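Remarks on the structure that follows.
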Number of protein chains: 2
Amino acid sequence: MATVTAITSTTREKLERARKAAGLLAQLSTEQKDTLLHQMADAIETNSSKILSANEEDLAHANLSGAMRDRLLLNASRIAEMAKSVRDVAALPDPVGEVIESWTRPNGLHIRKVRVPLGVVGIVYESRPNVTVDAAVLAFKTGNAAVLRGGKEASRSNGILAEVLTSVPGVPVGAIEVLDSSSRESVRELITARGLVDVVVPRGGPALITHVIENALVPVIETGAGNCHIFVDESADLDMAARIVINAKTQRPSVCNAAEKLLVHRSVAPIFLARIVKHLADAGVELRGDEETLKLAPNVSPATEQDWSEEYLRLCMAIRVASGLEEAIEHINRYSTKHSESIVTADENNAQKFLRLVDSAAVYWNASTRFTDGGEFGFGAEMGVSTQKLHCRGPFALRELTSSKYQIFGTGQVRT
Amino acid sequence: MATVTAITSTTREKLERARKAAGLLAQLSTEQKDTLLHQMADAIETNSSKILSANEEDLAHANLSGAMRDRLLLNASRIAEMAKSVRDVAALPDPVGEVIESWTRPNGLHIRKVRVPLGVVGIVYESRPNVTVDAAVLAFKTGNAAVLRGGKEASRSNGILAEVLTSVPGVPVGAIEVLDSSSRESVRELITARGLVDVVVPRGGPALITHVIENALVPVIETGAGNCHIFVDESADLDMAARIVINAKTQRPSVCNAAEKLLVHRSVAPIFLARIVKHLADAGVELRGDEETLKLAPNVSPATEQDWSEEYLRLCMAIRVASGLEEAIEHINRYSTKHSESIVTADENNAQKFLRLVDSAAVYWNASTRFTDGGEFGFGAEMGVSTQKLHCRGPFALRELTSSKYQIFGTGQVRT
């Protein structure tokens, strides 16, 4: 039996409620869950003024700058988006109950592998109230109890949102629990509660993710830092390459699937760099480069060793000239965070080699890295992008919030 | 980028060799891997005298009692079994390269989810040389590098076995690395080497598994303690129930899928207990029971609270009378290690309810819990039995030693 040590009674009560709720949630039919999800969406809309005033209070107390403040901010249209996203999740197929495989053994035992909820899913995140609703309903749709530990600046917004969602009659007590966000202690309690919590998903910046990984005793799905690369090969259509690089770098530089590094084949470097460096500089991108890049593009500043592994998350890009495909692949496998990488090439052999040898969650041929996203992949939702190899890799949503069990049907078989 | 801290240069060199080998192993074709596996099997046979003399030296230095000593012991027939098991693995289907799913998005992006090796797999185990070969070849077949850290008593046997396997020309340097087993330090190095090791599988007793889980920074597949239950329902065929209980308890009491607890429906308890208690006692099983059991079977000693969660791994069983199915399910979900549980009943509704509500990796209707095993499930091999819900649950073998990647084929798509 797993043991749970040094946990306050408040947190323990919440986790035990969640554990109990998980047992009930696992038994709800798809129809029951979807009906409740629609009622949750309605409840968000009905209670919008209550939600907005809690959010205003959060904003008044928070000491946050531009982008962080914007992530915390709710308004009428964002509330409407939240409610819509809950209805969208209700409309998605329910993976729970699916018979993944079944077979009969020579001794007559019939074995079925059935998809079941994970149980209790902990989510540790920052001050983004939309994650509260997102994570809670993805967990709910898959029959899991959600234990949420958001950023302290959003505590009032998160509290009221969970209250509104769980106020719907029929939602089991404990289905959505919110932990105290005033100290890091509740994070520790959540991520070490073996036996009460089945998996923890950290969503946020590198510091948060590292903290969870280093301290968790519960299994973790690591979500992703993205030091993403684009390699422009010798045979690339350079117009296409320029469009892809500019899109991947500038369309939304603060997200994990934005490109951070550009590798250019030596034979096209003179012509392509002249062009892309101007485009990127015009778009406000700060540029750094290796020695060869500096010779070809004098306005670029020198890259340090640190640049090759850094995830900028802003309008900054480092450029390296590569002797060919092999050097590009080697560079990527050395420095990338194994998130998303793309090759632009007209050579199918090179593309296949890149897709095979680059060890990342998503590998692209002739497309922007910005597509690594549950929505863009067609999953209808996203819980995060996994950069580990265990359980799931890349964008993950409903199916990845499930586990399986073996059900074995016998007629008295014993082992000899 | 993951960071690796405080690691000796010897271990670091081994892990870096394994990392490099993983890149090469991932590119081997099924045919290449199978040919090498057959040559490994041949090499085990050719070098049997060398292996046996290393093993004799291990035995001479080891201070081990009966069962432990037997697990360490190699002889001619065990060497032959080892070679056979390598050939058996060669004959199994290779999961690597399988296209798990593929689809095309409205924007024309074609997405393929492809099965790939995990990369570097660490295995921490006890003094069982057969695990060295087993784990190494399962990892090899799935294109993974194996880093092995066995028990110190088997260090000479493990060293020579790894040497023999990797002596086959064509096996990449680093494909099978053996860590120093003279101190626990190498365990810590292995399980904290994020960026160098992709997953760790602990195989052994509860102390070993707990140590790995509590100290690992690398993702772990927890393998299993089994506090397995059998519930004999009101409508059970009592002959069948007796056969199943005796088999599950006594056929091999030291393994994780052996039954440790017996729950009996109150209405059949008087007749069934009279019978089963005698059978079990005759088979040398020490019996403990709750108050109601004691009244019905006076030769049983009282069970303590500790008994309900203990995994005995020996000829001992605790018995409880249950008021019905609900109480049995509640008891199991409270005390079990979520490994294997069985209901014996003629009532299909009760069976279905049990299979649905009992939250364990393998749930049985009218069969012995002893079937929870990769071989018995038809996987042809077994790496362990997972008792966690992440990545895989229950017996796992080749497929579960893989991950996936997304390969995305575009024609210049950018995100708008």
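Structure above, values below:
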| quantity | calculated |
| --- | --- |
| Most to least packed among A:298-308, A:243-253 [average Cβ atoms within 10 Å] | A:243-253, A:298-308 |
| Label spacing, shortest first and in nm, from A:LEU24 to its equivalents in the remaining copies (7 angstrom along Cα→Cβ) | 5.8 |
| Other-chain or far-sequence residues with amide H under 5 Å of A:VAL321's (modelled H) | A:VAL264, A:ASP290, A:GLU292, A:THR293 |
| Selected from A:ASP237, A:ASP180, A:ASP134 as most flexible by GNM, with chain A as the system and alpha-carbon contacts under 10 Å | A:ASP237 |
| Cα-based Rg and Dmax for the protein assembly as shown, where Dmax is the largest Cα-Cα distance (Å) | 28.2, 93 |
| For B:GLY66, label point 7 Å along C-beta direction: distances to other copies, nm | 7.5 |
| log10 of Debye I(q)/I(0), alpha-carbon scatterers only, for the stretch A:132-207 at 0.12, 0.16, 0.20, 0.28 Å⁻¹ | -0.32, -0.59, -0.93, -1.55 |
| Chain A, helix-only ellipticity at 222 nm - DSSP H runs n ≥ 4, -39,500 (n - 2.57), divided by all residues, nearest 500 | -13000 deg cm²/dmol |
| Most mobile listed residue (B:ALA259, B:ALA145, B:ALA193) in chain B, GNM with C-alpha springs under 10 Å | B:ALA193 |
| Above-threshold pairs, the threshold being 24 Å between Cα atoms, out of A:LYS353/B:LYS20; A:LYS14/B:LYS353; B:LYS353/B:LYS389; A:LYS84/A:LYS338 | A:LYS14/B:LYS353; A:LYS84/A:LYS338 |
| Amide H contacts of B:VAL178 (H built 1.01 Å from N, under 5 Å, at least 5 apart or other chain) | B:LEU148 |
| Where rotation carries B onto A, the chain B residue whose Cβ is nearest that axis, in whole Å | B:HIS391, 2 |
| Pseudo-label separations to other copies for B:PRO298 - Cα-to-Cβ vector, 7 Å, nm | 10.7 |
| Quarter of Cα convex hull surface for chain B, i.e. mean projection, nm² | 24.4 |
| Alpha-carbon Rg with Dmax, taken over the stretch B:297-347, Å | 12.1, 32 |
| Overall Cα dimensions of the stretch B:228-375 - principal axes, largest extent first, Å | 35, 31, 28 |
| Gaussian network model of chain A, springs between alpha carbon atoms under 10 Å - residue of A:ARG105, A:ARG188, A:ARG266 with greatest fluctuation | A:ARG105 |
| Value in Å of the Kirkwood radius, where the stretch B:76-192 supplies the Cα pairs that are averaged | 15.9 |
| Estimated Rh, the stretch B:336-401: Kirkwood, alpha-carbon pairs, angstrom | 12.5 |
| Estimated FRET transfer efficiency when R0 is 51 angstrom, pair A:SER29-B:ARG69 (beta carbons, to 0.05) | 0.40 |
| Cα-based reach from B:LYS249 at 16 Å (exclusive), listing lysines while leaving out same-chain residues under 8 positions away | B:LYS261, B:LYS278 |
| Shielding by other protein chains, B:386-395, mean Cβ within 10 Å | 6 |
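Read-outs throughout are calculated quantities, based only on the coordinates presented, and are distinct from any laboratory measurement. Because the structure is a prediction, the values reported are computed rather than measured. Here Cβ is always computed from backbone atoms with ideal geometry, including for glycine, and neighbour counts include all displayed protein chains.
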